[in-house]
Amino acid sequence: CRKKNPAFMRVLAFRKRLSIVYRRKENRMERKSRQQEINEALMAADMASMSLQKAEEQLQKASSWGIWDMLGGGFFSTMFKHNRMDEAQAAMNEARGHLRRLKKELLDVNLTGDLKMDVGSFLTFADYFFDGVIADWMVQSKIGDALNQVREARRQVGCIRKRLQEMRQTLEAEREGR
């Protein structure tokens, strides 16, 4: 009886159109929110990449001073090397903060990353007070390890950034209806 009633049929058609419009609007809002999350993750990746680059530059300088120190550079080369190591440590601490933020942002877009870095502090003491080839070699080895960790973190951040850009392009293509 109700199905043949024209007024009832108009109400059903109106509800159906309203439901379609509502779903489209909801989908647009979801895409916009997801795009914002991706943009935030990209920004965090850029900040992490910049601080990792700064750390890598400082570690390379420390490594250069370390080679000079191993060749008999003495107290001043040790001092300059450790100044660069301190600057690298500060840049790595900054990078750790950016990497933590990046990890949080990646959770929002369902991606993950595991990035770690460290430079030992005992070797600074040993390098100054046992200034010799063995202590210099141990410190140089730690600088090399830290440099490798920073380079690996930069590589991973680059891969993550590439994946985020792909996700953003996919969302843009969906939005444009391609």
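Points worth noting:
- The condition of being open to solvent by 80 Å² or more (accessible area, probe 1.4 Å) and touching a Phe, Trp or Tyr at 6+ places or on another chain (Cβ under 8 Å) holds for F80.
- Scanning the range 44-65 for residues that are open to solvent by less than 20 Å² (accessible area, probe 1.4 Å), out of contact with any Phe, Trp or Tyr (no Cβ under 9 Å at 6 or more places or on another chain) and in contact (Cβ under 8 Å) with a residue 60 or more places away in the chain yields A44, A45, A48, L52, A55, L59.
- Residue in the range 132-151 that is among the acidic types (D, E), within 17 Å of the chain's Cα centre (by Cα) and modelled with pLDDT of 50 or more present: no
- Among the residues of the range 2-43, the ones that are under 23 Å from the mean Cα position of the chain (by Cα), open to solvent by less than 100 Å² (accessible area, probe 1.4 Å) and polar (S, T, N, Q) come to 3 in all.
Conditions (1) at pLDDT below 80; (2) among the hydrophobic types (A, V, I, L, M, F, W, C), marked per residue:
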position	(1), (2)
Q58	no, no
S63	no, no
F75	yes, yes
M85	no, yes
M92	no, yes
H98	no, no
L106	no, yes
T112	yes, no
M117	yes, yes
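The values are calculated or read from the model by the stated rules, or taken from the named source; none is laboratory data. Source: prediction; values computed, not measured. Cβ atoms come from the backbone with ideal geometry, glycine included; neighbour counts cover every protein chain shown. Side chains included, ligands, DNA and RNA excluded: accessible areas come from the protein's heavy atoms. Shrake-Rupley method; radii C 1.70, N 1.55, O 1.52, S 1.80 Å.
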